[in-house]
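Asker: What follows is a structure written as C-alpha cells; I'll ask about it next.
The values are calculated or read from the model by the stated rules, or taken from the named source; none is laboratory data. Small disclaimer: the values here were computed from a predicted structure and weren't measured. Cβ coordinates were reconstructed from backbone atoms using ideal geometry, including for glycine residues, and neighbour counts include every protein chain displayed.
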Amino acid sequence: MKKGTKQQYEQKQETTKPVENKPDETNKAEKHFSMRDYDFIETYEIQPGDSPYGIALNYDWASAEDIMFWNGISDTSKLQVGQKLKIFKKKK
C-alpha cells in the first residue's frame, strides 16, 4: 500500500462591504435657500383637508415644493392639522 500525502486546502472566506445607499448628488440639482434672499411673510397653520398644493394656491409666488423645502418636509403624509408652516417670499 502506497503511503499518501494529505493535502490541506484553506478556504478563504471573502467578505464584502455592504453598499451604502446614498442619494446620487451628482444628478440632483441642489436647491439653495439663503435667508438673505427671502423675507419671512407669515406662519400658516394647516387646516383639515389641506395639501401642499392647496396651501401654495394662497401664495402666488410660492409652489408646493417651495413650502415643503422651506419647512424641511419631504413626506407629505407627515403633515398634521395644526402644524405651522413658515411662508417666505424671495426679495426683489
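Conditions (1) modelled with pLDDT of 55 or more; (2) surrounded by 10 or more Cβ atoms within 10 Å (Cβ to Cβ); (3) in contact with a helix residue (DSSP H, G or I) (Cβ under 9 Å, 6 or more places away or on another chain); (4) of a type outside the set (Gly, Ala, Ser), marked per residue:
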{"position": "Asp37", "(1), (2), (3), (4)": "yes, yes, no, yes"}
{"position": "Glu45", "(1), (2), (3), (4)": "yes, yes, no, yes"}
{"position": "Pro52", "(1), (2), (3), (4)": "yes, yes, yes, yes"}
{"position": "Ala56", "(1), (2), (3), (4)": "yes, yes, yes, no"}
{"position": "Trp61", "(1), (2), (3), (4)": "yes, yes, no, yes"}
{"position": "Asp66", "(1), (2), (3), (4)": "yes, yes, yes, yes"}
{"position": "Phe69", "(1), (2), (3), (4)": "yes, yes, no, yes"}
{"position": "Ser74", "(1), (2), (3), (4)": "yes, no, yes, no"}
{"position": "Phe88", "(1), (2), (3), (4)": "yes, yes, yes, yes"}
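Asker: Another question, if that's okay. What number of residues in the stretch 40-74 are among the small types (Gly, Ala, Ser) and in a loop (DSSP other than H, G, I, E, B)?
Answerer: Qualifying residue count for the region: 6.
Asker: Could I ask something else about it? Could you figure out which of (1) of a type in the set (A, V, I, L, M, F, W, C); (2) in a loop (DSSP other than H, G, I, E, B); (3) modelled with pLDDT under 95 isn't true of Val81?
Answerer: Of the numbered conditions (1) of a type in the set (A, V, I, L, M, F, W, C); (2) in a loop (DSSP other than H, G, I, E, B); (3) modelled with pLDDT under 95, the odd one out for Val81 is (3).
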